[in-house]
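> Pasting in a structure now, in structure tokens, and then I'll have a few things to ask.
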Amino acid sequence: MSVHAFVDESRRGGNYLVAVALLDPAELSVVRASLRKLCLPGQRRIHFKDERDSRRREVLARIVESSARGLVYSCRGPEARAREACLRRMMADFTERDVQRLVLESRQGRDKDDERALRDVLGKRPSDAGLTYEHLRPHEDPLLWLPDAIAWCVGAGEDWLRRIQPLLDCVRRIDL
């Protein structure tokens, strides 16, 4: 079964995290609508680091009820090298999961680095590998709020990790 992947990052101290939310294409519109309903008046997006704990719990409850599955890649080291290592491992895992579309949260001016890393893995024509990818800003697709929440919870640990655990398929440590 093909899936779509939505990717965001987080940094906790020296630990760089890349989180992925995987969704069946048939579920995309349902989950988007559910997440949009969680926005407060005047809010363009949900950004976990900016939310109060009570809102985080409310959003997490909705996320865990969704059909999303989560993957997290964790690496210590300089951000550029850590991100590239995480993306490379992520792409290797995607071949086993039949990921057909990848949406990465845009990092304003650094998207070219991702494109270079993805081309190194997929070749000059990623569509030949059966995968398309794009960068979007988080307000452009609510499904980017999922990996934001996953990364934040894994980085925070303890009770937050316990709350997100039901949808996590794996947390992989990557060594540089």
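> For the chain, what is the percent of antiparallel DSSP beta bridges, rounded to the nearest 5?
50
> For region 45-176, what % of the accessible area comes from carbon and sulfur atoms, probe 1.4 Å?
Answer for region 45-176 is 43 percent, counting heavy atoms of protein chains only.
> Now for a separate question. Can you give the accessible area of Val30 in Å² (nearest 10), computed on protein heavy atoms with a 1.4 Å probe?
Its accessible surface works out to 90 Å², give or take rounding.
> Using only the alpha carbons of the chain, what is the convex hull's orientation-averaged projected area in square nanometres?
Computing the convex hull of the Cα atoms and averaging its projections yields 9.8 nm².
> Taking only protein heavy atoms into account and a 1.4 Å probe, give the accessible area per residue of the chain in Å².
Normalised by residue count, the accessible surface of the chain is 49 Å².
> If amide H atoms are built 1.01 Å from N in the plane of the peptide, which residues on other chains or at least 5 residues away come under 5 Å of the amide H of Leu102?
For Leu102, whose amide H was placed from the backbone, the distant partners under 5 Å are Ala5, Thr132, Tyr133, Glu134.
The values are calculated or read from the model by the stated rules, or taken from the named source; none is laboratory data. Source: prediction; values computed, not measured. To get the accessible areas, we keep the full protein, side chains included, count just its heavy atoms, and leave off ligands, DNA and RNA. Shrake-Rupley method; radii C 1.70, N 1.55, O 1.52, S 1.80 Å.
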